[in-house]
Amino acid sequence: MIVVIAGSLAGLVHVGFWVLEAVLWDRPAVHRMFGVTTREGAAAQRGAFYNIGWYNLLLALGAWVGVGLYAVHRGAALLVFAMAFMVAAALVLLRTARAMWRGALIQGLPAAVALAALAVSPGAIAGPPLQPVAAPGAIPRITASAPPGTETPQAPAVI
C-alpha cells in the first residue's frame, strides 16, 4: 500500500510542477520560486520551463501507469523506472543548485519512499513466484493433439 500511495504522490507532485512551469509561468510569484528575479529573465526562460513542465507531466503519467500496473500485479518495471528517474533528477537538482534543496526534497522524497517500499516488499519487483503447472514428479498428459473423446497417451518418463 505504501508503494501505491508514495508512487501516486510522486506523480501528483510532478503534475504540480507542470502547472507551475507550463501553465502559471508568467506569474512573478512562480518566477521567484524558481530563482528567477527579473521579468526579462522569466521571458528568456519561458520556453525552457514550458518544455520542462511537459516533461514533468509525462513523467507523472508514467508514474501513475506504473502504479496502476503494479496494483493489478502486472509488474513494477515502469514504476521503478519512473521513481528512479525522479530520485535521480532530484539529486541532480540538489547537486547543481543547493539553494533549491526544498524543491529537490519535494521532487525526490515520495519517489524514494516508493522505491524503498518496493525494495522491502517480498516479490514486489520480480512479481509473485510462478506456480507449477503439475505436481512435482507428475508426468504431464499430452492433450494438444489428441482427438476429442479419446484417452491421451502419457509422456515418456525422463531417463
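The values are calculated or read from the model by the stated rules, or taken from the named source; none is laboratory data. What you see is a predicted model; the values in this text were computed from it and never measured. Positions of Cβ are backbone-derived with ideal geometry, glycine not excepted, and every protein chain shown enters the neighbour counts.
Taking the criterion of being among the charged types (D, E, K, R), within 23 Å of G108 (Cβ to Cβ) and crowded, with 19+ Cβ neighbours inside 10 Å, would at least one residue in the range 23-37 satisfy it? No, because not a single residue in the range 23-37 is among the charged types (D, E, K, R), within 23 Å of G108 (Cβ to Cβ) and crowded, with 19+ Cβ neighbours inside 10 Å. One residue stands out among those in the range 60-104 that are in contact with a Gly (Cβ under 6 Å, 6 or more places away or on another chain) and of a type in the set (G, A, S): the one that is surrounded by the most Cβ atoms within 10 Å (Cβ to Cβ), which is A63.
In the set G16, G35, only one residue is of a type in the set (G, A, S), within 22 Å of W101 (Cβ to Cβ) and either modelled with pLDDT under 95 or part of a loop (DSSP other than H, G, I, E, B) (or both); that residue is G35.
Within the option set L78, L69, L61, being assigned to a helix (DSSP H, G or I) and in contact (Cβ under 8 Å) with a residue 24 or more places away in the chain holds for one residue only, L61.
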